[in-house]
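Below is one structure; the comments refer to it alone.
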Amino acid sequence: MCSFWGLMRAYWLSDNWQVAWGLTAIIVALTALSAMASVWFAEASGELVNAIAFLHHPQDPTTPASLLASAATLVAIVILKDVGFTSVRHYFSTTLHRKWRAWLDRRFNDALLDDNHTHYHLQHGAAKDDPNEASVPDNIDQRVQESIKGMTGGAIGLAMGIAGVVLSFVFVGQKVIATSTEVSGLEFLGSYGSACLTVVAIAAYVPINTFVAVKLGATLQRLSNRMQWAEGSYRSELNTLLHRSFHVAAARGEKAQGGIHRRRYFNIDRTWASLNWLTASYMGFELVYNFFGSRIVAYAPGLLPYVENKISLQAYVTGAELTNALIGDCSWFIHVMPEIATLKANARRVTDLAQAIEDVQRPREFYARTGHAEFRYARQDPQFGLTIQNLQLMHAGDDEPFVTTGNLHFRRGEWTLLVGESGSGKSSLFKAINGLWPHGRGTIVLPKNVRTLYAAQDVKLPPVTLKELICLPDSVEAHPDAEAAAAMSKAGLADFVGDLAEEGRDGHSWDQLLSGGQKQRVILARILLLRPRLLFLDEPTSALDSEATVAFHQAIKDVCPDATVISIMHDAVPPKSATGGEFFDSMLAIADGTATKGPLPALTGRPVGPARVRPRPERTAG
């Protein structure tokens, strides 16, 4: 789905092809009936005008009954076409729109939320080879939500219009040929004279104006692209504000934030003004085009035969209506040019996202565009724990690492305290071990067939049930309620055991309701339930008091005795058990860009960190 046509046909070649083609067949059939109704309308219009013209004829006047019958026939045809065909077709086309969009939405969500962490990589991507192309797709949420919706609706409308033009030529064209008559000066064409005049009139009028519409449409497309970008940028900034609202309020940064919003909206307003001017110009062009098409071009081909008394008024009006129907169908491209411009803009944003998703499936190549991406990941027997070999972490575009590790080994069941000054690279090291850091080199050998859990520093709870939060990433069916309740109770969340199946309370999600400490207890409950054997904790107890911190670590020790644990803590003194025993066996200190692992210093009451203690390097295997 990385190309326009690939995106267009993907749904019709998917497992849902029966639904797609079934709805398409119904829409085509209704479009054909609508085209046939245009012929019926033209004939009925001719009959009605002829009945009116002969209302006071001296020899054969039209009776009021026949006049009313002609009018009733015309009304019936209009109702049948607009209600029976057009509105019913609209229902099936919107149903196809809904199902196609839902299918694409599932495909893109599955791709974004795959095991490759595509959603994460897309926001930390590298520039493409072409410097004119964006590094990563902007406003992914807008592309998935609005661009897919607009693209699918526009594509269906485009296809329906093309089908209408083709079918109109078939049915209306046949009627134009059938009612054609000889024209003076074109006797060599025989009875096809007026039909040829109709074709010439349409061929001379429609293409020239279509060329003008294409030129205007290209500008509309550029402005539509720019408008979508501006709208997405502004919405993204508003979403960012809502996520950092507390920090803005605490820093009294509303004035600065307001300046950002004004700059974002200025782009919208400037683009909108240009778009409005061009749209108004296009509307004026379209109205003038419609007038000349329906009132002059449509009636011109049959005028000479009518003047020469070769056709009746009824035949003249019928021919004009048929010509007008052909002009209307052939002009469909002109009428929908703004929508086509929007369709192309939406399709471009969707295909760009699809291409970026494809690129992210090879993270090393994806990140190598702007820096070294030479990490190698391997697996080994769980009894050997975790091994890191000559790891170097870098930023995009840098050749020098900001953290190096040498060779490090973490035994099964070993607890390691990771310390270092703020900004030294502790969290970056965690991300690299878990495959979430883009640039650098080195080898990480993880224990195979063991569950790994990475508890990040900021706890953000998705709006799901409490049991789903405890069971992540497993499904709720994988763990009985009793086990989840036991884990919650041991984590200090016994008061919430009765809310396992709830997504919150009083209309508020758990992320809004729970305090920072309670959120960290949710993470502890998850650890106790899932029992990982490789555990990374990034400041896991920053919102807990000293007693709760001890209980946090003791619970993990009791339930996960064989787990290899690496934990970042900023406490001056690492916690000890209630009996005075150490939780941690070793310390990994990052100082001056180098990570060094050694035994935990036997110091009581003094801060533990690289500024005070330089641990002895540990001899590692291999």
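The values are calculated or read from the model by the stated rules, or taken from the named source; none is laboratory data. A quick note: this is a predicted structure, and the numbers were derived from the prediction, not measured. Quick reminder, even Gly has a Cβ in these numbers, built from the backbone with ideal geometry, and neighbours come from all protein chains shown. For the accessible areas, the whole protein counts, side chains as well, though only heavy atoms, and no ligand, DNA or RNA atoms are used. Shrake-Rupley method; radii C 1.70, N 1.55, O 1.52, S 1.80 Å.
Step by step: first the residues of region 41-62, then only those that are part of a helix (DSSP H, G or I), of a type in the set (A, V, I, L, M, F, W, C) and open to solvent by 60 Å² or more (accessible area, probe 1.4 Å), then the one that is farthest from Gln174 (Cα to Cα). Which residue is that? Checking each candidate, the answer is Ile52. When Val459 is tested against the conditions (1) in contact (Cβ under 8 Å) with a residue 60 or more places away in the chain; (2) in a helix (DSSP H, G or I); (3) among the hydrophobic types (A, V, I, L, M, F, W, C), the lone failure is (2).
Within region 353-377, the set of residues being within 28 Å of Gly6 (Cα to Cα) and of a type outside the set (D, E, K, R) comprises Leu353, Ala354, Gln355, Ala356, Ile357, Val360, Gln361, Pro363, Phe366, Tyr367, Ala368.
Restricting region 442-458 to residues that are more than 17 Å from Leu386 (Cα to Cα) and surrounded by fewer than 19 Cβ atoms within 10 Å (Cβ to Cβ) leaves a set whose member that is modelled with the lowest pLDDT is Gln457. Pairs are defined by a Cβ separation below 9 Å, a sequence spacing of at least 6 or placement on different chains, a first member in region 283-310 that is in a loop (DSSP other than H, G, I, E, B), and a second member that is open to solvent by 80 Å² or more (accessible area, probe 1.4 Å); the pairs so defined are Pro301/Val199; Pro301/Val200.
Of the residues making up region 320-343, at least one is polar (S, T, N, Q), under 30 Å from Arg143 (Cβ atoms) and open to solvent by 10 Å² or more (accessible area, probe 1.4 Å).
Residue-wise test of (1) within 20 Å of Val144 (Cβ to Cβ); (2) open to solvent by 70 Å² or more (accessible area, probe 1.4 Å); (3) in a helix (DSSP H, G or I); (4) not polar (S, T, N, Q).
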| residue | (1), (2), (3), (4) |
| --- | --- |
| Val212 | no, no, yes, yes |
| Arg222 | no, yes, yes, yes |
| Met227 | yes, no, yes, yes |
| Gly232 | yes, no, yes, yes |
| Leu242 | yes, yes, yes, yes |
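Condition check ((1) touching a helix residue (DSSP H, G or I) at 6+ places or on another chain (Cβ under 8 Å); (2) modelled with pLDDT under 85; (3) more than 25 Å from Gly293 (Cβ to Cβ)) across all residues:
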site: Ile177; (1), (2), (3): yes, yes, no
site: Gly185; (1), (2), (3): no, yes, no
site: Cys196; (1), (2), (3): yes, no, no
site: Val200; (1), (2), (3): no, no, no
site: Gly232; (1), (2), (3): yes, yes, yes
site: Val248; (1), (2), (3): yes, yes, yes
site: Ala251; (1), (2), (3): no, yes, yes
site: His261; (1), (2), (3): yes, no, yes
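Taking region 5-40 as the range and being open to solvent by 70 Å² or more (accessible area, probe 1.4 Å) and in a helix (DSSP H, G or I) as the test, the residues that pass are Trp5, Arg9, Leu13, Trp17, Gln18, Trp21, Trp40.
Among the residues of region 564-584, those identified as closer than 24 Å to Lys431 by Cα and open to solvent by less than 30 Å² (accessible area, probe 1.4 Å) are Thr564, Val565, Ile566, Ser567, Ile568, Met569, Pro574, Phe583, Phe584. Total residues in region 497-547 satisfying the condition of being assigned to a helix (DSSP H, G or I) and touching a residue at least 24 places away in the same chain (Cβ under 8 Å): the figure is 19.
Listed here are the residues, each with its yes/no results for (1) closer than 29 Å to Asn449 by Cβ; (2) modelled with pLDDT under 90; (3) within 34 Å of the chain's Cα centre (by Cα).
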| site | (1), (2), (3) |
| --- | --- |
| Asp499 | no, no, yes |
| Arg505 | no, yes, yes |
| Trp510 | no, no, yes |
| Leu513 | no, no, yes |
| Leu524 | yes, no, yes |
| Ser542 | no, yes, no |
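Checking each residue in region 140-171 for being open to solvent by less than 20 Å² (accessible area, probe 1.4 Å) and not hydrophobic (A, V, I, L, M, F, W, C) picks out Gln142, Arg143, Ser147, Thr152, Gly161, Gly164, Ser168. Pairs are defined by a Cβ separation below 8 Å, a sequence spacing of at least 6 or placement on different chains, a first member in region 43-70 that is touching a residue at least 40 places away in the same chain (Cβ under 8 Å), and a second member that is open to solvent by less than 70 Å² (accessible area, probe 1.4 Å) and not in a helix (DSSP H, G or I); the pairs so defined are Asn50/Ser312.
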